[in-house]
Structure formats: structure tokens, C-alpha cells
Amino acid sequence: MPTIRIPSSHGAYRVYCSRGALARAGVVIKELGDSSGTFVLSSPNVWKHWGRALAKRIRGVRANRTFLFDDSESAKNLATVELLCRALSDAGADRRAVIVAAGGGVVGDVAGFVAASYLRGVRLVQIPTTLVAQVDSSVGGKTGVNLPEGKNLVGAFYPPKAVIADSEMLATLPHRQYRSGLYEIIKYGVIADAQLFRFLERHMLALLRRDPSALARVIPRCMRIKARVVARDERESGLREILNFGHTVGHALEAATGYRRFLHGEAIGWGMYAVTLLGLATGRVSESDAIRIIRLVASVGPLPPLGGIPVAKLRRIVAGDKKARGGEVRWVLPRGIGKVQRGVELPWKLVARTILELPDIDAKARG
């Protein structure tokens, strides 16, 4: 079974990444040491598909309790965190408890922040059930929730004690949710791995079919890229900024539409279009590489429309992004396939003009 070791300031942890990895859940939790209880945080939809299997795997773990909550992006807020913390308190969870986050990115982010905050920190195990969570959000220790003013503005760096990523759990994902994760995989090819990018160009149809061998190729590869980055920059003070490729515009689109129009990966798809065009306009990336990036993003499928989102509203949100410095946005732009430049400042006129061009670029890429 592929295992990835990730160092962190809280101690190294391991990612167990393969088909059937869920079978190790009970063993992994027991290996964490003495526990007063295991508390599973999940969503009703995830539990409907995977609750019985997960409960079976951790049956021998002490004092199991399960709490289900809404895993929509609009419910990823402080009210949900308070609700879960109070539920843990009522259930008698103490500092020797283990929280198991079983779900997609929202479950992982919320449960991770709960684990970081409750009693100033209890142990956390991530079991990601979506493609976005498996290739990205479950690794690296970033947790948090949204405010109306922006995405992930309240949170903590709090790495898990283990991650169990079982690609078999992707079988129950709705197709739109599954496709959303493919945009994050493209991101990794652009920022760090030209060979991965070429694989995606040649095998996107296989990935869209959820081909097990294709998934076995890309999921561990993305996790290893992220592991290398976060090992060098755990708290996003430098290199880790490259992981935000496409996310500045993407997060702004999510916030501007109340987290209801776009799935996370879809917003990142639009964001990758935007920064690729910005890289081309500023002479940082060649036209041929820009075309390859745009075509690969388009090959994943249709994106929700951008209509009705005022550019001025996006500007206010972008200026308040957690990665901004004094209101100045630090953009991550492509320099080629597998290489990006971080910390780039750009005039808003160029950004606004680029955003307005995005629908036409998308239509041409699909034409």
C-alpha cells in the first residue's frame, strides 16, 4: 500500500493511499495510542454510502460516537463549528479523544478546525471521500471555515495524525462532484509536474471514467507533490503559495455567489483560466503552453456560467483575500508547464479585463 510520510511541527504523520485503504482505519486509529473515545464527524450523504463500512472497520475502537452535519459550502461557518464543539462536550469528549473526519473538503476543513479548537486541540484522522479532498485538502494541515466576506478566513494550521485515502470511495460521488476534483489535479501538473500534465492530456477520458489504474497513477502523485511543498513551508510563508494557483479568482467567485453556484473545483477551473491569461498577457508564459493549459481545463467539462457577477464585487473580495498583503494581491502565474511564479503584483485594470474575457475564452476552448 502506498504510504507517504509528511513531517510537521506537530509531528510526522502518514498518508495511506490506495484502493481498499479504508480497511486499515481501525488499525490506524489504534496505533495512535490510548484514547478515551473516537468521534466521527461526517455528513448525512457520506454516511448513507459509507457509514456502515466505516463503522465496521472501527468497531473495535473504544467508545465510538458519530455526529453528522451539513457539508454544503454555505454551511462551512463558525455556527457549524460551535454546534459540533457543543456536541463533543455533551458527549464527554476529553483531550484523549480522537476525531475522525469522514467526508469531502468541507467535512475535512470543519472537522479539522473543530479538532484544532476543541479543548485547544485533540487528535485528528482524515478519511477523505471526494477527489478534491484526496488529492488536496486532506493533506497539509490547513483547516478553516468561511465568512460572508471571504473563503477560509477563519482557521488554523493543524495537521492530522493520519490520512486514509481510499479511491474506492470515489465510486459513489456524483459526476459533477468528481469532475470538480480533476481541476485540482490539473493544478498540480501546472505548478510542479510536467510529466503529470502530459499524462492528463493523454488520459483525461480515462480519468473521467474513473478508471482505477489512472486514479492510482494520479492521486498518490498529487499527494506527494503537496507533501514536498508543505514539508518545506508548513505555514504558507513562501513556497506553499504556489498551491494557490487559480485560487485567488476561484475563491472570490465562490464568495461572490454565496458558495452556492460553483463547486470548489469549478471555481478553480475559472481561476486557472484567469491566471493563465494573466501569465500570457505579462509575458510569463508562452502562447503554446497557455493554450495547452486552457485546453486541458476545458477538457474536464462545462463550468457554471459567470454571468451576473460584478467585477467590482470580485475586486473587494480579492483585496480581502488571506494571501493579500496590505490589500495587494500576490498572484501565482504560470511560467510554463510544471513551473509557476508566486508573489506577482498586477494592476487591477488588467485583472478586470481578463475576468471579462473568460466566457469567450471558455467558449473558444470548447469550440
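Annotations
- Close pairs from segment 164-187: first more than 23 Å from residue 296 (Cα to Cα), partner of a type in the set (D, E, K, R) and assigned to a helix (DSSP H, G or I), Cβ under 7 Å, at least 6 apart: 164/24
- Residue under evaluation residue 272, criteria (1) buried (at least 16 other Cβ atoms within 10 Å of the Cβ); (2) more than 20 Å from the chain's Cα centre (by Cα); (3) in a helix (DSSP H, G or I), criterion not met: (2)
- Exclusive hit being assigned by TED's automatic domain parsing to the domain that holds residue 356, buried (at least 22 other Cβ atoms within 10 Å of the Cβ) and not in a helix (DSSP H, G or I), set 285, 318: 285
- Residue list for segment 72-99, restricted to those being under 19 Å from residue 259 (Cα atoms), of a type in the set (Gly, Ala, Ser) and buried (at least 20 other Cβ atoms within 10 Å of the Cβ): none
- Filter pass, residue 205 being without any contact (Cβ under 8 Å) to a residue 40 or more places away in the chain, assigned by TED's automatic domain parsing to the domain that holds residue 297 and in a helix (DSSP H, G or I): yes
- Test: residue in segment 271-279 that is closer than 19 Å to residue 153 by Cβ and touching a residue at least 24 places away in the same chain (Cβ under 8 Å): yes
- Per-region count, segment 171-194, residues closer than 21 Å to residue 50 by Cβ and small (Gly, Ala, Ser): 3
- Selection over segment 234-261 of residues that are outside any helix (DSSP H, G or I) and either modelled with pLDDT of 95 or more or among the polar types (S, T, N, Q) (or both) gives a count of 5.
- Candidate set from segment 100-141 (those that are in contact (Cβ under 8 Å) with a residue 60 or more places away in the chain and in a strand (DSSP E or B)); member that is farthest from residue 263 (Cα to Cα): 123
- When the criteria are applied in full, residue 135 meets the requirement of being among the β-branched types (Val, Ile, Thr), closer than 30 Å to residue 186 by Cα and either touching a helix residue (DSSP H, G or I) at 6+ places or on another chain (Cβ under 6 Å) or at pLDDT below 95 (or both).
The values are calculated or read from the model by the stated rules, or taken from the named source; none is laboratory data. Note that the structure is predicted; figures quoted are calculated from it, not measured. Please note: Cβ atoms are built from the backbone with ideal geometry, for glycine as well, and neighbour counts cover all protein chains shown.
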